[in-house]
Amino acid sequence: MPTFKITVAYDGTEFVGWQRQAAGVSVQGVLEDAARELDERDVTVVGAGRTDAGVHALAQVAAFTLAREISADTVLRALNARLPDAVRVVAAIEVPPTFHPQFDARAKRYRYRIWNGAVLPPFERRYAWHQPGALAVDAMQQAARLLEGEHDFSAFQSSGSDVETTVRRIFVSRIADCGLRIDCGLPSDPQSAIGNESATRNPQSAMLVYDVVGNGFLRHMVRAIVGSLVDVGRGKQRPEWISAVVESRDRSRAGRAAPAAGLFLVGVDYG
């Protein structure tokens with residue numbers, strides 16, 4: 001009974017999130033449906049994490065075990081033949097049955113995209129948060145860096161969570177000004193800074209990206225952080241306010257959660 005690790009990319013716009021639910025179409029659900037057709041039995045697909053409704057992924061990681069002997073290349077082709085266009089398996093390898101995509105993960109990488117121009121291009125409406133009016137990127141950069149390190153992130157967690165601890169370690173928390181480019185890259189080393197981060201705003205810029213790498217994230221944590229950083233960029237708060245929010249452990253002190261559309265799970269790192 002081979003076990004496979006798959007890397008999955010998906011447009012989360014039309015899904016209720018990663019996790020299978022009683023109502024609505026989930027990414028996990030369509031993967032399990034495709035695997036059931038392939039294996040002719042129920043198959044449980046376990047993901048590295050639960051992305052919310054409307055959140056996208058460039059490289060979600062999942063794993064499952066099949067009863068039949070089959071190659072990883074065949075798994076990749078067979079699943080993609082059965083999946084909707086919004087979901088694609090981009091890689092598949094056979095792994096030991098002890099592999100767990102969530103518990104074995106060393107770090108997760110997220111990106112949030114903000115279109116900071118007067119007019120939002122129609123092809124960006126599903127993949128960015130429109131923020132017209134110039135943002136103070138230098139102040140946002142200062143605030144973002146204050147989140148690096150190990151902290152209790154209760155202030156950025158939505159209600160309804162049942163985690164054992166709200167302490168997380170953030171390796172990278174940076175804002176990058178991409179100008180008119182949309183291909184700002186996340187560093188391969190999660191300990192390093194974004195190479196094109198600048199302290200001065202490009203007057204022609206439209207796209208900002210927030211890249212964050214951590215050993216784990218709370219429910220809606222990244223979106224709450226982005227909403228708070230935008231408050232700093234708007235001049236509603238000073239950069240050091242973000243530290244006071246962390247210390248408060250009070251969700252009402254942080255900014256509102258940014259919309260799901262701009263958020264991408266970029267990848268999951270394993271030791």
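The values are calculated or read from the model by the stated rules, or taken from the named source; none is laboratory data. Worth saying up front: this structure is predicted, and the values here are computed from it rather than measured. Every residue, glycine among them, receives a Cβ derived from its backbone with ideal geometry; neighbour counts consider all protein chains shown.
Within the stretch 26-52, restricting attention to residues that are under 26 Å from A107 (Cα atoms), among the small types (G, A, S) and modelled with pLDDT of 95 or more, which residue is surrounded by the most Cβ atoms within 10 Å (Cβ to Cβ)? For the stretch 26-52, the residue satisfying everything is A48. Within the stretch 252-267, the residues that satisfy the criterion of being farther than 11 Å from S228 by Cβ and either surrounded by 15 or more Cβ atoms within 10 Å (Cβ to Cβ) or in contact (Cβ under 8 Å) with a residue 60 or more places away in the chain (or both) are P259, A260, A261, G262, L263, F264, L265, V266, G267.
Just one of the listed residues (V55, V89) is surrounded by 16 or more Cβ atoms within 10 Å (Cβ to Cβ) and either within 29 Å of R169 (Cβ to Cβ) or over 23 Å from the mean Cα position of the chain (by Cα) (or both), and it is V55.
Scanning the stretch 63-96 for residues that are under 19 Å from F264 (Cα atoms) and in contact with a Ser or Thr (Cβ under 8 Å, 6 or more places away or on another chain) yields A86, V89, V90, A91.
Evaluating V89 against the criteria (1) assigned to a loop (DSSP other than H, G, I, E, B); (2) farther than 30 Å from G233 by Cβ; (3) in contact with a helix residue (DSSP H, G or I) (Cβ under 7 Å, 6 or more places away or on another chain) leaves one unmet condition, (1).
Scan the stretch 15-25 for residues that are modelled with pLDDT under 95, surrounded by fewer than 18 Cβ atoms within 10 Å (Cβ to Cβ) and more than 16 Å from V61 (Cβ to Cβ) and jot them down. Q21, A22, A23, G24, listed by residue number.
For N196, the conditions (1) at pLDDT 75 or above; (2) more than 17 Å from the chain's Cα centre (by Cα); (3) of a type in the set (S, T, N, Q) are fulfilled apart from (1). Quick one: would you say A78 is in contact (Cβ under 8 Å) with a residue 60 or more places away in the chain, out of contact with any strand residue (DSSP E or B) (no Cβ under 8 Å at 6 or more places or on another chain) and part of a helix (DSSP H, G or I)? Taking the combined requirement at face value, the residue does not satisfy it.
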